[in-house]
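**Student:** This is the structure, below, for whatever I ask next.
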Amino acid sequence: MAADESAPAAVVTAAEIARLARVTRAAVSNWRRRHPDFPRPAAGTATSPLFALTEVQQWLDRQGKGRETSAEVDLWHELRAQYGDNLLTALGAVGAQLLGTAVEQSLAEPAATALTALSAERGAHALYADLVERCIASTTRSGGEPMTTLALERIVAAFAGPADEAAGASDRTIGTVYDPACGIGTLLLSAVPGAHRYGQELNPATAAIAEFRARLGGRTATLARGDSLRKDAFPDLRADLVVCEPPVGVADWGRDDLLLDPRWELGVPPRSESELAWVQHCYAHTAPGGRALLVLPSSVAYRKAGRRIRAELVRRGLLASVVALPPGLMSSHSQPVHLWILRRPAQGDPAPTHIRMIDLSTADPDHIGNGIGMKDCAPAPEQIADIPPVDILDDDVDLSPGRYVTLHHGDYPVEYAALRDRVQSIARGLLDLLPELPAGPGRIEAAPMGLGDLVRGGLVDLDGTEPTSRTDQLDTDYLRGFLRSAANTRRSTTASGTLRLNASGAQVPQMDIGRQREYGEAFRRLTAFEELLREAAAVGDRVGALAYDGLTKGALLPPSAAASASSGKSESQEAQDQ
């Protein structure tokens, strides 16, 4: 009996491929990127692709994969057995053995023997690079130490290369690269071959891995340990290219000790705007004619406390471009981020006429920048808007690309499907962020603390629009959450209906720091929920407008009409065949 050709072929997810091949999910991602003959997705969506099972099995057979557990996977399991979730220590021990240097906790057998054999077979640099990729993927899933993801690395590297002058790039030779918060060195070591690299990192464990990666990869790098904001290891360095994914939402970043620091060319950053301190630090280390690329939370583009500094960036022509990137690129959260591209004008450079806004927020995070070169990150014309500075310098100074990029719909079905996928992703994210809150006793039995007393006692800072804790005995998110209570909101609402924080009347309950952090975590998730909800509203407006426009122009069809059209086409084709 002949096979039914109309029957759907069996498909598998990337996770199922990993189980078939007895490898990790990270290994499958590597195969997709490194092997051009790896099967293309046969179904599914951009963010959840499905692959034809027969094609996958044939590819695995050709590659000799899946027949037995690979030696690299065995080594990884041995490392997990010895170090558990302390993967940074594991990578440090591996790097130390590969380079023959001393380490506090060396590898145990049989991991040490397996490492020696694998490095002889594959090469120390290639093996260490694969183990680092496994660590990043594992950390992303488990919520461990935040690390720069491989997708984000590719995007930053693509925009760091020569590109359109309007986006802030040029053909200038890049001899020096600097990353003041280099982590395990992902951004620092990926950008621009042949340059001398300078990096600084606060965490000794991640700094050691960055050093091992540089040495094993033959990169010329000068690495320092410590806090770049408080104790800059390279105060006189002016680099051709600065790359940075700074720590997010750090309240105690040293503002009180750095009020007169010369790096604050655009103004002293508010205590609640640590990211803008990193922006100015990076710009201070940028050579004339050079650029700085920073990965920042999307909220930095519009928060009220940073409006003045954003205005100075725009007014002085230092901001070349802002790129809105899709969610799913960060290891520590699932929120969308922006890539800010700054330029330090060289003598004689003309004043810029516009800032380039690029909206890649609906792109597939696993596909964007997946190849080599800028072409893989190049936006379509409808994703770009060149905005005169005067159009940005309003009361908000909002640098969000989505505010300025007006989509010119070319392929309605594709754009509608992408936006619909994003709505589904947001819906899942909203549910994940909204905490389950069990029933309480109906009141909090705790003595109140006056916000004014905390400010006068030097425990709370009111710089900017929200209060920030200045002590490790008071959680900032706990404080901000309770200040949004109904009672405090009533005290802070003026007769005209304006909400202004009333420091003299606002109160929060006294709790030990452990209990504060429990409340603070709940409030943080609620804040993230509200931010994602705002994005949902914006995406909803876009997908609604696109759907109405497409339906009324005939570019899209209602579901029933689409089925009828498909049926009618089949009947017409049958008539022609007869």
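The values are calculated or read from the model by the stated rules, or taken from the named source; none is laboratory data. This is a predicted model, so every value here is computed, not measured. Here the Cβ positions follow ideal geometry from the backbone for every residue, glycine too, while neighbour counts run over all protein chains shown. Side chains included, ligands, DNA and RNA excluded: accessible areas come from the protein's heavy atoms. Shrake-Rupley method; radii C 1.70, N 1.55, O 1.52, S 1.80 Å.
**Student:** Answer yes or no: is there a residue in region 231-238 that is touching a Pro at 6+ places or on another chain (Cβ under 7 Å), acidic (Asp, Glu) and farther than 23 Å from Pro146 by Cα. Let's see the steps before the verdict.
**Tutor:** Residues of region 231-238 touching a Pro at 6+ places or on another chain (Cβ under 7 Å): none.
No, every residue in region 231-238 fails to be touching a Pro at 6+ places or on another chain (Cβ under 7 Å), acidic (Asp, Glu) and farther than 23 Å from Pro146 by Cα.
**Student:** Against the conditions (1) open to solvent by 40 Å² or more (accessible area, probe 1.4 Å); (2) modelled with pLDDT under 80, where does Gly161 fall short? Just the number, please.
**Tutor:** (1)
**Student:** Cβ-Cβ under 6 Å, sequence separation 6+ or interchain: first residue in region 292-304 and under 15 Å from Ala528 (Cα atoms), partner open to solvent by 10 Å² or more (accessible area, probe 1.4 Å) and of a type in the set (A, V, I, L, M). Which pairs?
**Tutor:** The qualifying pairs are Pro297/Val248.
**Student:** If Gly226 satisfies all but one of (1) farther than 24 Å from Leu98 by Cβ; (2) in contact with a helix residue (DSSP H, G or I) (Cβ under 8 Å, 6 or more places away or on another chain), what's the number of the condition it fails?
**Tutor:** The failed condition is (2).
**Student:** Look through Leu399, Leu433 and report the one residue that is under 30 Å from Gly254 (Cα atoms) and either open to solvent by less than 70 Å² (accessible area, probe 1.4 Å) or modelled with pLDDT of 90 or more (or both).
**Tutor:** Values: Leu433 fails: under 30 Å from Gly254 (Cα atoms).
That would be Leu399, the only listed residue that is under 30 Å from Gly254 (Cα atoms) and either open to solvent by less than 70 Å² (accessible area, probe 1.4 Å) or modelled with pLDDT of 90 or more (or both).
**Student:** Restricting the search to region 507-521, which residues are acidic (Asp, Glu) and either assigned to a helix (DSSP H, G or I) or more than 18 Å from Asp453 (Cα to Cα) (or both)?
**Tutor:** Listed by number, the residues that qualify are Glu518, Glu521.
**Student:** Okay, moving on. Starting from region 414-435, take each residue that is within 18 Å of Glu382 (Cα to Cα) and list its partners that are open to solvent by 60 Å² or more (accessible area, probe 1.4 Å), counting only C-beta distances under 8 angstrom and pairs at least six apart or across chains.
**Tutor:** Leu419/Arg542
**Student:** Where in region 57-137 are the helices (runs of 4 or more DSSP H), entirely inside, with at least 1 residues that are small (Gly, Ala, Ser), within 31 Å of the chain's Cα centre (by Cα) and closer than 28 Å to Ile17 by Cβ?
**Tutor:** On the way: elements: 71-83, 87-99, 111-122.
Qualifying helices (runs of 4 or more DSSP H): 71-83, 87-99.
**Student:** Residue check: is Ala224 open to solvent by 20 Å² or more (accessible area, probe 1.4 Å), more than 18 Å from the chain's Cα centre (by Cα) and at pLDDT below 95? Talk me through it step by step, then tell me what you get.
**Tutor:** On the way: open to solvent by 20 Å² or more (accessible area, probe 1.4 Å): yes; more than 18 Å from the chain's Cα centre (by Cα): yes; at pLDDT below 95: no.
Here the answer is no, as Ala224 does not meet what is asked.
**Student:** A follow-up question, please. Does Leu241 satisfy being open to solvent by less than 30 Å² (accessible area, probe 1.4 Å), in contact (Cβ under 8 Å) with a residue 12 or more places away in the chain and part of a loop (DSSP other than H, G, I, E, B)?
**Tutor:** On the way: open to solvent by less than 30 Å² (accessible area, probe 1.4 Å): yes; in contact (Cβ under 8 Å) with a residue 12 or more places away in the chain: yes; part of a loop (DSSP other than H, G, I, E, B): no.
No; evaluated as a whole, the condition is false for this residue.
**Student:** Tell me, yes or no, whether region 79-86 has at least one residue that is in contact with a Ser or Thr (Cβ under 7 Å, 6 or more places away or on another chain) and of a type in the set (Ser, Thr, Tyr). Explain how you work it out, then say what you get.
**Tutor:** In the first step, residues of region 79-86 are kept if they are in contact with a Ser or Thr (Cβ under 7 Å, 6 or more places away or on another chain); the result is 83, 85.
Now narrow it down to the ones that are of a type in the set (Ser, Thr, Tyr): 83.
Yes, region 79-86 has at least one match.
**Student:** So, one more: Being touching a Lys or Arg at 6+ places or on another chain (Cβ under 8 Å) and open to solvent by 10 Å² or more (accessible area, probe 1.4 Å) is the requirement here; does Gly348 meet it? Step through it out loud before you land on a result.
**Tutor:** Numbers: touching a Lys or Arg at 6+ places or on another chain (Cβ under 8 Å): no; open to solvent by 10 Å² or more (accessible area, probe 1.4 Å): yes.
The answer is no for Gly348.
**Student:** Next question, about the same structure. Among the residues of region 477-500, are any assigned to a loop (DSSP other than H, G, I, E, B), at pLDDT below 85 and within 27 Å of Val300 (Cβ to Cβ)? Lay out the reasoning, then the answer.
**Tutor:** Of all residues in region 477-500, those assigned to a loop (DSSP other than H, G, I, E, B) come to 483-485, 494-498, 500.
Remaining after also requiring at pLDDT below 85: 494-498, 500.
Within this subset, residues satisfying the condition of being within 27 Å of Val300 (Cβ to Cβ) are 498, 500.
Yes, that holds for at least one residue.
**Student:** Let me ask something else. State the number of residues belonging to region 312-333 that are crowded, with 18+ Cβ neighbours inside 10 Å and either β-branched (Val, Ile, Thr) or on the phi < 0 side of the Ramachandran plot (or both). So that I can check it myself, show each step before the final result.
**Tutor:** Start the filter on region 312-333 by keeping residues that are crowded, with 18+ Cβ neighbours inside 10 Å, which leaves 313-314, 318-331.
Among the residues that remain, those that are also either β-branched (Val, Ile, Thr) or on the phi < 0 side of the Ramachandran plot (or both) are: 313-314, 318-327, 329-331.
So the count comes out to 15.
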